[in-house]
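The values are calculated or read from the model by the stated rules, or taken from the named source; none is laboratory data. Everything numeric here is computed off the predicted structure, so don't read it as measured data. Neighbour counts run over all protein chains shown; Cβ positions are idealised from the backbone, glycine included.
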Amino acid sequence: MLYSPRLKDGSLVRLPWPVTLYKYFNHICWPLEDNVSNFYIYLDRCAIYIGFLIFCLHNEVDFHYVIHHRHDLDKMLEGMPTYLILVEIQIRGFQLAFTKQQFKRLLQQFYAQIYVTAQSEPTLYKLIQKQMLAMRLNSINYLLALLNYFMVPVWNIIYHRRDMLYKQVYLFDNTVLYFYIPLLICNYWVGFIIDSMLFGELNVIGELMMHLNARYVLLSRDLQQLAQRCLAKQRHSVNLAVDLQLQLRQLLRRHIALNAFAARMEPLYEDIQRQMQPTRFNSLNYLAALLNFGFVPVLNIIYNRREMLYKQVYLFDNTVWYFYYPLIACNYWVGIVIDSMLFGELNVLGEFMMHLNARYIILSRDLESLAARCITKNKQRQHLAYEFKLELKQLLRRHFELTAFVASIEKEFSLRIFFSFSFSTGLLCALGFKAYTNPLGSLVYIFWFAAKFFELLAFGMLGSTLQKTTDNLSTMYYSCGWEQIMYHSPNEQENVLMMKLVKQAVQINATPVSLSGLNYFHVTLEAVVT
């Protein structure tokens, strides 16, 4: 029922663990398979609609808590982090929910064209995994923060109370059992959704960026080898320039194709997995934070109380059991949706970025060997420049395809990246205040703060990696070995055309690729730090 990414040959992709959690815990954001029945489509839409209502309920009771304690800064800031992240994920998550088909097409293009496998490029794949390590490690922070919330039910049992997972104020008695249990379940669900999206989408973006970056690296490599290939192929100088021209055109086609995708995102597989590790580990921070909220029902049972998972103020008595249980269920659901989206979407984006980075690496590698391939292949040097030009055009097409994929990623994630970064400032301030004023009683805030902080750092590192790789490509075109082709090719007319193509390639690719939030800021480590 849920969409499972496949490679071009139809084989299933082994998703990183944060993206896997994002897929299975966040039905709001993850798309369905192409061939699902109308029943499952209808069921998915109903689930999205019900989930939106649960988020609206949590939005209201969380806001009531903040307003209710507006004269007590300490208590108000206890509920502020969950309220801010709830609003952020509600905007990001349901915007994605209504564009899931577009998101699925992006994933399909990514895994079919950009994704770098361990079998095809083991070195680049290892590099990508190393680049993603920080993002995956940071996912653990989110899981740990979630885990702290899930401890609330345990304390409820111990102290015989009925607290919700989060700071909430209901307009009814939510401690009544028939209210408390459903509301607590909703708390859990919301926690999972938020946490999974926090680290999931980040890992997805990271994968896209790093694999696209690897594709640019490969393109750069091919550019550097272009002249050597032409010289090795052409034994006679007569066809040398023509051959180099042909191969240069091929590299240009590849470059065009990569640019077309870096608007949508594939690196060398093990490197991608290593690059993604920090993002995936950071997903555990989100899960830990959600788990802390999840213990609220246990504490409610222990202490015979009916508290919600989050800090909320209802306009009715939400402790009445027929209110409390649906509301606590909603708490759980909202927590799951938010948590899964927090780490899930992050991991998806990380996968996009890292595999796209790998495609750029492959393109760079092909550029490096372009001249050598032309020289080796062409025994008659008369057409060496012409063949070099053709291969360079192929590389340019690959580059354009990658850039087009980047534009697709930008279109898909720009709004959500903007809100994620915008809410992060206030969220980090509130979390830092709570962790500083009461460190022993604010374990959940410590995990949450660590998850959000390392999420931004890991995301910025992935963005800087992609930007650096694509920034080097303009010089790679200039140093693709065209001077060797000029030296060996006797065809002056083709040599002039080849030089014009090289000049055009340098000019076209002078601007590095980077993601942005509504063009307001670019996703780089420098932007995160400042």
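Looking at GLU387, is it more than 29 Å from HIS522 (Cβ to Cβ) and buried (at least 19 other Cβ atoms within 10 Å of the Cβ)?
In short, yes.
What residue, of VAL523, VAL502, VAL513, is in contact with a Lys or Arg (Cβ under 9 Å, 6 or more places away or on another chain) and β-branched (Val, Ile, Thr)?
It is VAL502.
Take segment 298-317 and flag every residue that is over 14 Å from ILE181 (Cβ atoms) and in a strand (DSSP E or B).
If the condition is that a residue be over 14 Å from ILE181 (Cβ atoms) and in a strand (DSSP E or B), then TYR303, TYR310, LYS311, GLN312, VAL313, TYR314, LEU315, PHE316, ASP317 are the ones that fit.
Out of LEU147, LEU165, LEU107, LEU143, I need the residue that is surrounded by 21 or more Cβ atoms within 10 Å (Cβ to Cβ), closer than 24 Å to HIS211 by Cβ and not aromatic (Phe, Trp, Tyr). Which one?
LEU107
Given the criteria crowded, with 19+ Cβ neighbours inside 10 Å, among the aromatic types (Phe, Trp, Tyr) and at pLDDT below 80, does TYR487 qualify?
The answer is no for TYR487.
State all residues of segment 488-530 that are in a loop (DSSP other than H, G, I, E, B), of a type outside the set (Phe, Trp, Tyr) and within 22 Å of the chain's Cα centre (by Cα); if no residue qualifies, say none.
PRO512, VAL513, SER514, LEU515, GLY517, LEU518, ASN519, VAL523, THR524, THR530
Which numbered condition trips up ARG416, out of (1) assigned to a helix (DSSP H, G or I); (2) modelled with pLDDT under 75?
Here ARG416 clears every test but (2).
Does any residue of segment 38-58 turn out to be farther than 25 Å from GLN131 by Cβ, over 28 Å from the mean Cα position of the chain (by Cα) and in a loop (DSSP other than H, G, I, E, B)?
Within segment 38-58, not a single residue is farther than 25 Å from GLN131 by Cβ, over 28 Å from the mean Cα position of the chain (by Cα) and in a loop (DSSP other than H, G, I, E, B).
Criterion first (of a type in the set (Ser, Thr, Tyr), surrounded by 24 or more Cβ atoms within 10 Å (Cβ to Cβ) and in a helix (DSSP H, G or I)) does THR475 satisfy it?
The answer is no for THR475.
Here is a list: PRO81, PRO31, PRO18, PRO5. Which entry is touching a Leu at 6+ places or on another chain (Cβ under 9 Å), at pLDDT below 85 and surrounded by 12 or more Cβ atoms within 10 Å (Cβ to Cβ)?
None of the other options fit; the residue is PRO81.
Please pick out the residue among LEU77, LEU127 that is in a helix (DSSP H, G or I) and within 20 Å of the chain's Cα centre (by Cα).
Unique residue meeting the criteria: LEU127.
Could you check segment 128-170 and list, in sequence order, the residues that are charged (D, E, K, R) and under 26 Å from SER464 (Cβ atoms)?
Selection gives LYS130, ARG136.
Quick one: would you say LEU290 is modelled with pLDDT under 75, in a helix (DSSP H, G or I) and closer than 12 Å to ILE194 by Cα?
Yes.
Would you say GLY93 is at pLDDT below 85, of a type in the set (Gly, Ala, Ser) and touching a helix residue (DSSP H, G or I) at 6+ places or on another chain (Cβ under 6 Å)?
no
Being aromatic (Phe, Trp, Tyr), under 28 Å from GLY335 (Cβ atoms) and under 15 Å from the mean Cα position of the chain (by Cα) narrows it down to one residue among PHE103, PHE98, PHE110, PHE94; which is it?
PHE103
When segment 507-530 is examined, which residues are found to be more than 19 Å from LEU346 (Cβ to Cβ) and surrounded by 16 or more Cβ atoms within 10 Å (Cβ to Cβ)?
Correct list: ILE508, ASN509, PRO512, VAL513.
What number of residues in segment 336-372 are small (Gly, Ala, Ser) and within 17 Å of PHE400 (Cα to Cα)?
2
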